[in-house]
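I have placed the structure first, in the form of structure tokens, so that the comments after it can refer back to it.
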Amino acid sequence: MKVLVPVKRVVDANVKVRVKPDNSGIDLSNVKMAVNPFCEIAIEEAVRLKEAGTATEVVAISVGASACQEQLRTCLALGADRAILVETDVDVQPLGIAKALAALQAKEEAELVIFGKQSIDGDNSQTGQMFAQLTGMSQGTFASEVAIDGGKVQVTREIDGGLQTIKISLPAVVTTDLRLNEPRYASLPNIMKAKKKSLDTVTADELGVDLTPSVEVVAVNPPAERAAGITVDSVEALVDKLKNEAKVIS
Amino acid sequence: MDFQIEDEHELIRDAVRKVCADFPDEYWADKDKRHEFPWEFYDAMAAGGWIGIAIPEAYGGSGRGITEASIVLEEVAASGAAMNGATALHLSIFGMHPVVKYGTDAMKQAYLPRVASGDLHVAFGVTEPDAGTDTTSITTSARLEGDQYIVRGRKVWTTKALIAERVLLLVRTTPKEKSERRTDGMTLLLAELQRPEVDISPIDKVGRNAVATCEVVYDDLPVAVADRVGEEGKGFRYLLDGLNAERILIAAEALGIGRAALRRAVAYAQDRVVFGRPIGQNQGVAFPLGEAKMRLDAAELMIRKAAWLLDQGQPCGAEANMAKWLAADASFQTADQAMQTHGGFGYASEYHVERYWREARLMRIAPISQEMILNYVTEHVLELPKSY
């Protein structure tokens, strides 16, 4: 069974991000970048399937600028067998990424595609679902447990207030939640091996997909600074403030 | 000229950082306080294949250069592990260099894969109470009896002696006065250490207490001739051969401590509010930290250059020595300033900068004093008359 794992290059989770002065986006100059943590979980799950003998090949894919090769190398060091970069200078959005991945899937014909449930930069949580729709594959999102059983995948999903277990048919799309696994660290021998693994580059044109964004970002603003709290002297004053100032009760 | 950082180096840095993140400052403070070897950390690094980084691939390592090894040790130190972490690995990462270069194939097959996997610890026995930097004056001797040497003498500053299975021991096989040159007549033995003929006593010291450094007395210890490294009488030259690499790695470790100290100082200067504003807003607090950053970055450039030269097989004596001096100096100044930034709390163990400070102080002394580096630079680079 071939497994595809799309991964995204995002700002490192430990970086304190700053909004650009003109509010056009996040300032990414000289900022440490990393594999999106949910995508790392996806890679780990795929590599475990391979180690268990369920998967035969793990292919990591990224859509973005040539710098994404860094993150694909990381995936190779974590155990992916090869990597593909769909190289573009477009500031890609979920729909464009999903289209590019669907075009690749048409060639690769993987039986399982494991996504991170969302990226920590855009927080859209859309790409996996859009990809499933475009390819007509069944989907199990927000997985905290995945079990392959013949031609089926049993996915335990983290939903509001509990867990839901579903069984879907292969080929399938799974998106990973935080608790699915704890990703390993790259070992030195695997970093060395990664250098010899193939990392191919294709363009959107070669795939015949249009990556033009369909959503325009108007402005990016940092969250409002939290003001200091106050002490109220009675329950009445509290209720009054909750009603009339905070307007959280009526 | 190219300062582009290689992808592989970033991967190494990142991966080591992740392993180290599982061992926070509190872990190191505890190990330091209890004088306990950091086995959990050591085992985690061994499992990741990091210990064998500079050992040839043919003998179970990864065959990388000093550039890569220096990145690993810098990151270990910078994680807050400082010298408690770096020293735990240092000897295994680089100590076997004389065996790699001059050992017989049988010796390499027997020992290198075990060092690379982290299973075999080897200590270094060179310095003696009456022969520090003046190594040619050592008196620990070995006399040949049949197919073994009998070793007698006393060594100090043998780090990891308590846990090491073997020791790379420099002994005189010909007394200095009978040698043609004073650098002749010394032999390197890969001796067994945990033997009844060996007496090991840890030395009380200021810091880096997780890894014991010991005085070791050899009372007629037998060592098989097969455990001799290279030829008899050439041991000192074998050691000299690894000095530049050692300087560079030590410099990288010092740099790492400086980075850890600066990180804590900057965070404290941001957070600590006195007279209604963060103390880092005061230039008297901020400027020395700015200076520390510049000194560390400048030292790093010299480390990178020295490592690059060494990995290219080019002479790097001047650069390796200068890198050690600059990094040790920057590291201690930064650690001292970090303590100053923390005020009274810097003197308390809770904030960890006192631990960095104790360990950064060591870097100006060991494995070679700053003064001996100045001697090297004035004599060999500036060509001034030798002073000693």
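The values are calculated or read from the model by the stated rules, or taken from the named source; none is laboratory data. Quick caveat: nothing in here was measured; it's all calculated off a predicted structure. Because the Cβ atoms are built from the backbone with ideal geometry, glycine has one as well, and the counts that use them run over all protein chains shown. Remember, those area values only see protein heavy atoms, side chains included, never the ligands or the DNA or RNA. Shrake-Rupley method; radii C 1.70, N 1.55, O 1.52, S 1.80 Å.
Of the residues B:Ala15, B:Ala46, B:Ala58, B:Ala29, the single one that is at the interface with chain A (Cβ under 9 Å from one of its Cβ atoms) and either among the charged types (D, E, K, R) or in a helix (DSSP H, G or I) (or both) is B:Ala15. Only one of (1) surrounded by fewer than 17 Cβ atoms within 10 Å (Cβ to Cβ); (2) modelled with pLDDT of 95 or more is not met by B:Gly233, so which one is it? Result: B:Gly233 fails condition (1) only. Restricting attention to segment B:310-320, the residues that are touching a residue at least 24 places away in the same chain (Cβ under 8 Å) and open to solvent by 10 Å² or more (accessible area, probe 1.4 Å) add up to 4.
Is segment B:74-88 home to any residue that is among the charged types (D, E, K, R), assigned to a loop (DSSP other than H, G, I, E, B) and either within 14 Å of another protein chain (Cβ to nearest Cβ) or closer than 27 Å to B:Glu165 by Cα (or both)? The answer is no; no qualifying residue exists.
Going through (1) open to solvent by 10 Å² or more (accessible area, probe 1.4 Å); (2) among the aliphatic types (A, V, I, L, M); (3) closer than 28 Å to A:Val209 by Cα one by one, A:Val17 falls short only on (3). Would you check if B:Ala307 is in contact with a Phe, Trp or Tyr (Cβ under 9 Å, 6 or more places away or on another chain) and open to solvent by less than 50 Å² (accessible area, probe 1.4 Å)? Judged against the criteria, B:Ala307 is not a match. Name every residue in segment A:167-213 that is farther than 30 Å from B:Gly118 by Cα, open to solvent by 90 Å² or more (accessible area, probe 1.4 Å) and assigned to a loop (DSSP other than H, G, I, E, B), in order of residue number. Within segment A:167-213, A:Leu178, A:Arg179, A:Asp210, A:Thr212 meet the criteria. Answer with yes or no whether B:Glu215 is in a strand (DSSP E or B), open to solvent by 10 Å² or more (accessible area, probe 1.4 Å) and either in contact with a Ser or Thr (Cβ under 9 Å, 6 or more places away or on another chain) or assigned by TED's automatic domain parsing to the domain that holds B:Ala307 (or both). Spelling it out, B:Glu215 is indeed in a strand (DSSP E or B), open to solvent by 10 Å² or more (accessible area, probe 1.4 Å) and either in contact with a Ser or Thr (Cβ under 9 Å, 6 or more places away or on another chain) or assigned by TED's automatic domain parsing to the domain that holds B:Ala307 (or both). Residues in segment B:334-356 that are open to solvent by 30 Å² or more (accessible area, probe 1.4 Å) and either farther than 12 Å from B:Ala265 by Cα or assigned by TED's automatic domain parsing to the domain that holds B:His35 (or both): B:Gly344, B:Tyr347, B:Ala348, B:Ser349, B:Glu350. Filtered by the rule that a residue be assigned to a strand (DSSP E or B), free of Cβ contacts under 8 Å to residues at least 60 places away in the same chain and buried (at least 17 other Cβ atoms within 10 Å of the Cβ), segment B:127-146 gives B:Glu128, B:Ala131, B:Ser141. The residues of segment A:190-214 that are within 14 Å of chain B (Cβ to nearest Cβ) and of a type outside the set (D, E, K, R), listed by number, are A:Asn190, A:Ile191, A:Met192, A:Ala194, A:Leu199.
Taking each residue of segment B:30-42 that is under 14 Å from B:His90 (Cα atoms) and looking for partners that are among the small types (Gly, Ala, Ser) and in a loop (DSSP other than H, G, I, E, B) with beta-carbon atoms closer than 8 Å, six or more apart or interchain, yields B:Phe37/B:Ala210; B:Phe37/B:Ala212; B:Pro38/B:Ala210; B:Tyr42/B:Gly118. Restricting the search to strands (runs of 3 or more DSSP E) fully inside segment A:106-165 and requiring at least 2 residues that are of a type outside the set (Phe, Trp, Tyr), in contact with a helix residue (DSSP H, G or I) (Cβ under 8 Å, 6 or more places away or on another chain) and surrounded by 17 or more Cβ atoms within 10 Å (Cβ to Cβ) gives A:112-116, A:138-149.
Considering segment A:44-79, the residues that are in a helix (DSSP H, G or I) and away from every other protein chain (no Cβ under 14 Å) include one that is farthest from A:Val155 (Cα to Cα), namely A:Glu51.
Can you say whether A:Thr88 is open to solvent by 10 Å² or more (accessible area, probe 1.4 Å) and within 14 Å of chain B (Cβ to nearest Cβ), as far as the supplied structure shows? Considered against the rule, which asks whether it is open to solvent by 10 Å² or more (accessible area, probe 1.4 Å) and within 14 Å of chain B (Cβ to nearest Cβ), A:Thr88 comes out as no. For segment B:236-280, filtered to residues that are aliphatic (A, V, I, L, M) and more than 30 Å from B:Ala318 (Cβ to Cβ), the residue that is surrounded by the most Cβ atoms within 10 Å (Cβ to Cβ) is B:Ala265. Looking at B:Thr140, B:Thr159, just one residue is closer than 20 Å to B:Leu362 by Cβ and polar (S, T, N, Q), and that residue is B:Thr159. Scanning segment B:157-182 for residues that are open to solvent by 40 Å² or more (accessible area, probe 1.4 Å), within 21 Å of B:Ser137 (Cβ to Cβ) and free of Cβ contacts under 8 Å to residues at least 60 places away in the same chain returns B:Thr174, B:Pro175, B:Lys176, B:Glu177, B:Lys178, B:Glu180, B:Arg181, B:Arg182.
Scanning segment A:191-250 for residues that are closer than 26 Å to A:Val58 by Cα, touching a strand residue (DSSP E or B) at 6+ places or on another chain (Cβ under 7 Å) and not small (Gly, Ala, Ser) yields A:Lys197, A:Leu199, A:Asp200, A:Thr201, A:Val202, A:Thr203, A:Leu207.
Listed here are the residues, each with its yes/no results for (1) of a type outside the set (Lys, Arg); (2) under 19 Å from B:Leu310 (Cβ atoms); (3) at the interface with another protein chain (Cβ under 9 Å from one of its Cβ atoms).
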residue	(1), (2), (3)
B:Asp2	yes, yes, no
B:Ile5	yes, yes, no
B:Glu10	yes, no, yes
B:Arg34	no, no, no
B:Phe41	yes, no, no
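In summary, B:Phe23 fulfils each of the numbered conditions (1) in contact with a Phe, Trp or Tyr (Cβ under 9 Å, 6 or more places away or on another chain); (2) more than 9 Å from every other protein chain (Cβ to nearest Cβ); (3) in a helix (DSSP H, G or I) with the single exception of condition (3). A search for C-beta distances below 6 Å between a residue of segment B:94-116 that is touching a residue at least 40 places away in the same chain (Cβ under 8 Å) and any residue that is open to solvent by 40 Å² or more (accessible area, probe 1.4 Å) and of a type outside the set (S, T, N, Q), counting only pairs 6+ apart in sequence or on different chains, returns B:Gly95/B:Phe124; B:Pro113/B:Gly60; B:Ala116/B:Gly60.
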